[in-house]
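The next block holds one structure in the form of structure tokens; read it before the comments.
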Ligand SMILES: Nc1ncnc2c1ncn2[C@@H]1O[C@H](COP(=O)(O)OP(=O)(O)OP(=O)(O)O)[C@@H](O)[C@H]1O
Ligand SMILES: [Mg+2]
């Protein structure tokens, strides 16, 4: 069985990490000088937080990594006992390292740690600050208790841009010997919504069945509404052709897409629609945003979508249904 591309092609060095260039350059400087502070890497999934910490550890510690790094992730038990036993005994352990380097504790998905465990961690961070550094990765830094936040430099990752995702996927496909159309890369970058894991998994899934990737076969495996159909629907709304727009919507609904899939696709299409007048785009995005809000509150049904389409098709831009 093929190993997952997300692991096989996980960057080993900071040079291979795409996007978030300010953070990566800052870490490159740290990697050169070895003067690492405690770190929190926070941001959306699949943007390279875990990867970046591993790259940094590799740059800093090289061959000593096996003795000088302790990594705990969400699949490990990370209650207060583990913090007190495992992390403390690692911090106390003597390891000979080059001058200016420290042992490193990596706490992946740190936002899943219980508050008492975080309190215990705070003490340990202080006690062993001369020998041990901590790097925490999480999606939301607000779930990390204040005293830990104030002991760390916080690096905030953003979603990767479509060109960054496209560039990396392109590289991986070339390494794997899979040919592709440029539109296939565009659609992978588009559906990823800034999450490299999504793009690579979709590319791998499509390549299992097809030796040449096209927009169509990527969409088949990634199970999202076809952007062209969504584009047609938006264009009908723009021309106030409600019946035609509803016809496309019903077809998408019949294909089994849920309301959230459809509304997200409309958002992507509207925000990337270069020919929409700015005022119309903003009007549409307002309606899409309010519909999304209602859907995630639990109103995941066709009526909400039809309402969205109707509001977009009405010429009077003042009219936006109540949220
Ligand atoms: N910036 C990036 N550059 C290159 N590859 C990336 C980048 N971000 C993610 N990847 C790819 O996606 C996979 C997942 O990335 P990673 O585990 O670092 O994400 P994460 O930010 O830690 O996500 P999560 O919040 O879900 O833990 C990696 O194995 C790598 O192949
Ligand atoms: Mg991670």
The range 25-45, residues that are near ligand 1 (Cβ under 8 Å from one of its atoms) and either crowded, with 23+ Cβ neighbours inside 10 Å or free of Cβ contacts under 8 Å to residues at least 24 places away in the same chain (or both): 41
Count of the range 31-63 residues which are modelled with pLDDT under 90 and out of contact with any strand residue (DSSP E or B) (no Cβ under 9 Å at 6 or more places or on another chain): 7
Selected residue (criterion: surrounded by the most Cβ atoms within 10 Å (Cβ to Cβ)) from residues of the range 178-199 that are out of contact with any strand residue (DSSP E or B) (no Cβ under 8 Å at 6 or more places or on another chain) and outside any helix (DSSP H, G or I): 194
Any hit, the range 87-94, residues being buried (at least 22 other Cβ atoms within 10 Å of the Cβ), at pLDDT 85 or above and assigned by TED's automatic domain parsing to the domain that holds residue 128: yes
Criterion violated by residue 239 - all others in (1) modelled with pLDDT under 95; (2) in contact with a strand residue (DSSP E or B) (Cβ under 6 Å, 6 or more places away or on another chain) satisfied: (2)
Residue under evaluation residue 291, criteria (1) touching a residue at least 60 places away in the same chain (Cβ under 8 Å); (2) crowded, with 19+ Cβ neighbours inside 10 Å, criterion not met: (1)
Tally, over the range 152-162, of residues that are assigned to a strand (DSSP E or B) and either on the phi > 0 side of the Ramachandran plot or within 16 Å of ligand 1 (Cβ to nearest atom) (or both): 3
Any hit, the range 177-195, residues being under 20 Å from the mean Cα position of the chain (by Cα) and under 15 Å from residue 4 (Cβ atoms): yes
Helices (runs of 4 or more DSSP H) wholly inside the range 200-279 that include at least 1 residues being surrounded by fewer than 13 Cβ atoms within 10 Å (Cβ to Cβ): 227-238, 242-254, 259-272
Qualifying residue in the range 116-128 (condition: over 21 Å from residue 77 (Cβ atoms), without any contact (Cβ under 8 Å) to a residue 24 or more places away in the chain and loosely packed, with under 14 Cβ neighbours inside 10 Å): no
Hits in the range 137-162 (condition: out of contact with any helix residue (DSSP H, G or I) (no Cβ under 7 Å at 6 or more places or on another chain) and surrounded by fewer than 17 Cβ atoms within 10 Å (Cβ to Cβ)): 142, 146, 150, 153, 156, 158, 161
Subset of the range 93-151 (residues that are more than 16 Å from residue 70 (Cβ to Cβ), touching a strand residue (DSSP E or B) at 6+ places or on another chain (Cβ under 6 Å) and either part of a strand (DSSP E or B) or away from ligand 2 (no atom under 16 Å from the Cβ) (or both)): 138
Output for the range 25-57, where each listed residue is more than 16 Å from ligand 2 (Cβ to nearest atom) and not in a loop (DSSP other than H, G, I, E, B): 25, 26, 28, 29, 30, 31, 32, 33
Hits in the range 38-96 - residues which are at positive phi and over 24 Å from the mean Cα position of the chain (by Cα): 62
Qualifying residue in the range 244-260 (condition: touching a residue at least 24 places away in the same chain (Cβ under 8 Å), under 19 Å from residue 179 (Cα atoms) and away from ligand 2 (no atom under 16 Å from the Cβ)): no
Residue check, residue 68 within 26 Å of residue 11 (Cβ to Cβ), in contact with a strand residue (DSSP E or B) (Cβ under 7 Å, 6 or more places away or on another chain) and within 13 Å of ligand 1 (Cβ to nearest atom): no
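The values are calculated or read from the model by the stated rules, or taken from the named source; none is laboratory data. Quick caveat, the model's predicted, so the values are computed rather than measured. We place every Cβ from the backbone using ideal geometry, glycine too, and count neighbours over all the protein chains shown.
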